[in-house]
Amino acid sequence: SQQGEEDPQALSIQEGENATMNCSYKTSINNLQWYRQNSGRGLVHLILIRSNEREKHSGRLRVTLDTSKKSSSLLITASRAADTASYFCATDLSGYSTLTFGKGTMLLVSP
Amino acid sequence: DSGVTQTPKHLITATGQRVTLRCSPRSGDLSVYWYQQSLDQGLQFLIQYYNGEERAKGNILERFSAQQFPDLHSELNLSSLELGDSALYFCASSAPPNEKLFFGSGTQLSVL
C-alpha cells in the first residue's frame, strides 16, 4: 500500500487562482518531499520539509507539515498554465531517500 | 535537464524476453535508485545502490536484478518478461546527504 496519499486526485482551476493539494501518510517520517511530473516525463524535485519543520516557502510554493496529523499540504499561488502537471508527495522513512510516493494529484490550469 | 541519463527511451519486446535498462547518474552522485511507474501501481521503489553496494530493496520482483558498476552507472535487468511489466522505469540519483532525488526521463517498456 502507498505510504502517501494525495488529495484530490485531480484539480482543475483557472490561471491566477491558487491550487492546494494535500498528502496524508501513515508512519513517522524523516522528511517529506514534493515532486512535479509533466506528462510522461521525469519527476522534478520541488521542495523538501523536514519532520521538525512546520512550514516552508519556495517562490510561489508553500508547504506545510503537521506531524501530529501525519499530513502535508502544497499550495501553489497565482497558478499559471505552465503549472499543469502531476504533483506527488514522497516520504523518506529511512533518511537514505528511499522515497515512497503517493499516486499524485493531476493539476490542470486553464488559461 | 536533470543530468541523469537513461537509455533506451523506449523498448518494445515480447513476453518471456530479457532486457537491460541503463542509467548514468549525475556526475558525483553515489546513490542510484530505480523506480517503476504504472497506472495501477503508481510509482514503486525497486532498489537503491550506493557506491556499488545495494543499500535498500523495495518491491522488486525476483525476475528483476540490478547492479551498480565502479564508474557508478547502473543497469536494471528484467527477465522472463510478462505483460504486466509494461511500465515506465525511472532511474534517479542523489548526492550526500542523500536527500532530494534527480530523475532521468525514463525508459518506457512495452511488453507485447
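Extending 7 Å from the Cα toward the beta-carbon at both A:L75 and B:D1 defines two label points whose distance is 3.7 nm.
Is the shape of the range A:61-110 best called rounded, prolate or oblate, per the rule: a/c under 1.5 gives rounded, else a/b larger than b/c gives prolate, else oblate, with a ≥ b ≥ c the square roots of the Cα gyration tensor eigenvalues? Note, shape of the range A:61-110 comes out prolate.
Taking label positions 7 Å along the Cα-Cβ direction at both A:D66 and A:E15, the computed distance is 3.4 nm, reported to one decimal. Take the Cα of B:A56, step 7 Å along the line toward its Cβ, and report every residue of the range A:25-67 whose backbone nitrogen sits under 19 Å from that point. Taking a point 7 Å out along Cα→Cβ of B:A56, the residues of the range A:25-67 whose backbone N falls under 19 Å are A:25-36, A:43-53. Here A:S94 and B:H10 are evaluated by their C-beta separation; at R0 = 25 Å the FRET efficiency comes out at 0.15.
The GluC sites (Glu not before Pro) of the range B:1-76 that meet both conditions, a loop assignment by DSSP and at most 13 other Cβ atoms within 10 Å of the site Cβ, are B:E62. With N the number of residues in the protein assembly as shown, Rg(Cα) / (2.2 N^0.38 Å) evaluates to 1.01.
Shown for the protein assembly as shown: lysine pairs separated by 8 or more places, or found on different chains, whose C-alpha atoms are under 30 Å apart, numbering 22. Kirkwood radius for chain A, taken over all pairs of different Cα atoms as the inverse mean of 1/r, rounds to 13.8 Å.
Efficiency by 1/(1 + (r/R0)^6): what FRET value for A:S58 and B:R63, r their Cβ-Cβ distance, R0 = 41 Å, to the nearest 0.05? That pair, A:S58 with B:R63, gives E of 0.55. Convex hull volume per residue, computed on the Cα atoms of chain B, equals 92 Å³. Charging the Cβ of each Asp and Glu at -1 and of each Lys and Arg at +1, and nothing else, the dipole of chain A about its Cα centre rounds to 180 debye.
So the label point goes 7 Å from the Cα of B:E82 along Cα→C-beta, right? Which residues of the range B:7-28 then have their backbone N under 19 Å from it? The answer is B:13-20.
Every number here is computed from the coordinates shown, using simple stated rules; none is lab data. All of these numbers come straight from a predicted model, not from anything done at the bench. Heads up, the Cβs are rebuilt from the backbone with ideal geometry, glycines too, and the neighbour counts pull from every protein chain shown.
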